[in-house]
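*Asks:* Sharing a structure below in structure tokens format, with a few things to ask.
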Amino acid sequence: MKNTVIHLIVLLTLIASVSSSCRKEVRGGGDSIDISVTEITLNNNELALFLGDTATLIATILPENATNKAIVWASSNTFVATVMPNGLVTALSEGKTTIVVSTQDGSKSASCAVTVGILVTGVTLNKNELVLGVNETETLVATIELANATNKTVTWKSSNNNVATVDNNGKVTTLAAGETVITVETASGGFSDECKVIIAPYREPYLTFGASKTTVKNYETRKLIEENDDYLLYEGENKDVVEVYYLFDFNKLWGSCVWLKNTSGIGNRIFNFLSEKYEYLGKEEEFHRFISLDKKMYILFGFEDEWNEWVVLYADEDYFFKSSFRTKGLKKSQSR
């Protein structure tokens, strides 16, 4: 009996010794000690997405050798955006949500504020060509597509600020005869549209033939200096324009005439302007001939030595070939 007790004591001592040794070895290997999570971070704290966009958030757990790295993802508004177990965020509708990632160990968390917007799909201008005179203004209107886009900011620019400028509201101001291109561009998506602006050395007269004197008077902003049954005579709107007058037959407009000073280079500028806007038919005697694109209006342009001035005559097609066209057109200038 005594030997049995001694054997039992020795066995228990050996077991305790082995167990202690095993614990020391495991501690040395570091595998059996739980290492707690101290922090979790995300690669982005903010995301700006548009409908249908996706983005992947990456969670980093510290320390790197933490025992339990299990995490849970959640969206505060799943109607705006959802998040998958791998951190993939999908934008579903316009609005804001917060994506939160949490650790199972220690309930540590990190968040990302997500804003979902509606992307611009295009922009169009109300006009793609403008014909203006010098020192005139007109405002272009840009329409954003889609109408409920989140960011509707646009920028404006002119390809030739010496000819015409454009402000932040699309207001075009002409400075000199020539051409420029006005471009509008969206901040979102970089969509753009253009408007070609042709600046004539003069503002063209009212050209709806058959109109009454009252209609022309309501249109004109130039100073009326003389009128009778056959014509209305207006003062030129800038230093290059001498006068503008309208020709009537039984109170119906059939033609108009613009007289301009013989300043340096103005003849070429007028010709270039007319060539850009109308179809050139060639030169007959000293006059260049043009026709409107709808073939309903003829234009004569040339230099009159008697007055040392340039003249542009516009006429309804029914009057163009009548001998009275040039006779009447030039005769009125003698009233000066």
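*Asks:* Determine if segment 193-210 includes at least one residue that is in contact with a Cys (Cβ under 9 Å, 6 or more places away or on another chain) and in contact (Cβ under 8 Å) with a residue 24 or more places away in the chain.
*Replies:* Taking every residue of segment 193-210 in turn, at least one turns out to be in contact with a Cys (Cβ under 9 Å, 6 or more places away or on another chain) and in contact (Cβ under 8 Å) with a residue 24 or more places away in the chain.
*Asks:* I'm trying to understand the selection: among the residues of segment 246-260, which are assigned to a strand (DSSP E or B) and open to solvent by 10 Å² or more (accessible area, probe 1.4 Å)? Working first, answer last.
*Replies:* From segment 246-260, those assigned to a strand (DSSP E or B) are 246-249, 252-260; that's our starting set.
Result: Asp249, Lys252.
*Asks:* If we keep just the residues of segment 272-300 that are within 36 Å of the chain's Cα centre (by Cα) and free of Cβ contacts under 8 Å to residues at least 12 places away in the same chain, which is nearest to Glu179 (Cα to Cα)?
*Replies:* Asn272
*Asks:* Answer yes or no as to whether Val80 is of a type outside the set (Ser, Thr, Tyr), buried (at least 16 other Cβ atoms within 10 Å of the Cβ), touching a strand residue (DSSP E or B) at 6+ places or on another chain (Cβ under 7 Å) and free of Cβ contacts under 8 Å to residues at least 40 places away in the same chain.
*Replies:* Here the answer is yes, as Val80 does meet what is asked.
*Asks:* Here is a follow-up. Could you tell me whether Arg203 is surrounded by fewer than 20 Cβ atoms within 10 Å (Cβ to Cβ) and in contact with an Asp or Glu (Cβ under 6 Å, 6 or more places away or on another chain)?
*Replies:* So Arg203 does not fit the description; no.
*Asks:* Shifting gears a bit: Identify, please: which residue in segment 268-286 is in contact with a Leu (Cβ under 9 Å, 6 or more places away or on another chain) and crowded, with 16+ Cβ neighbours inside 10 Å and is, among those, modelled with the lowest pLDDT?
*Replies:* Looking at residues that are in contact with a Leu (Cβ under 9 Å, 6 or more places away or on another chain) and crowded, with 16+ Cβ neighbours inside 10 Å, I get Lys277.
*Asks:* For segment 292-303, what are the residues that are of a type in the set (A, V, I, L, M, F, W, C) and either over 13 Å from Leu313 (Cβ atoms) or open to solvent by 30 Å² or more (accessible area, probe 1.4 Å) (or both)? I'd like the intermediate steps shown before the answer.
*Replies:* Here is the first cut: in segment 292-303, the ones of a type in the set (A, V, I, L, M, F, W, C) are 293, 297, 299-301, 303.
Residues satisfying the conditions are Leu293, Phe303.
*Asks:* Moving to a separate point now. Could you list, in sequence order, all residues of segment 42-53 that are within 17 Å of Thr98 (Cβ to Cβ) and assigned to a strand (DSSP E or B)?
*Replies:* If the condition is that a residue be within 17 Å of Thr98 (Cβ to Cβ) and assigned to a strand (DSSP E or B), then Leu42, Glu46, Leu47, Ala48, Leu49 are the ones that fit.
The values are calculated or read from the model by the stated rules, or taken from the named source; none is laboratory data. Just so it is clear, the structure is predicted and the values come from calculations on it, not from any experiment. Ideal geometry is used to build each Cβ from the backbone, glycine not excepted, and the neighbour counts take in all protein chains shown. Heavy atoms of the whole protein, side chains included, go into the accessibility calculation; ligands, DNA and RNA do not. Shrake-Rupley method; radii C 1.70, N 1.55, O 1.52, S 1.80 Å.
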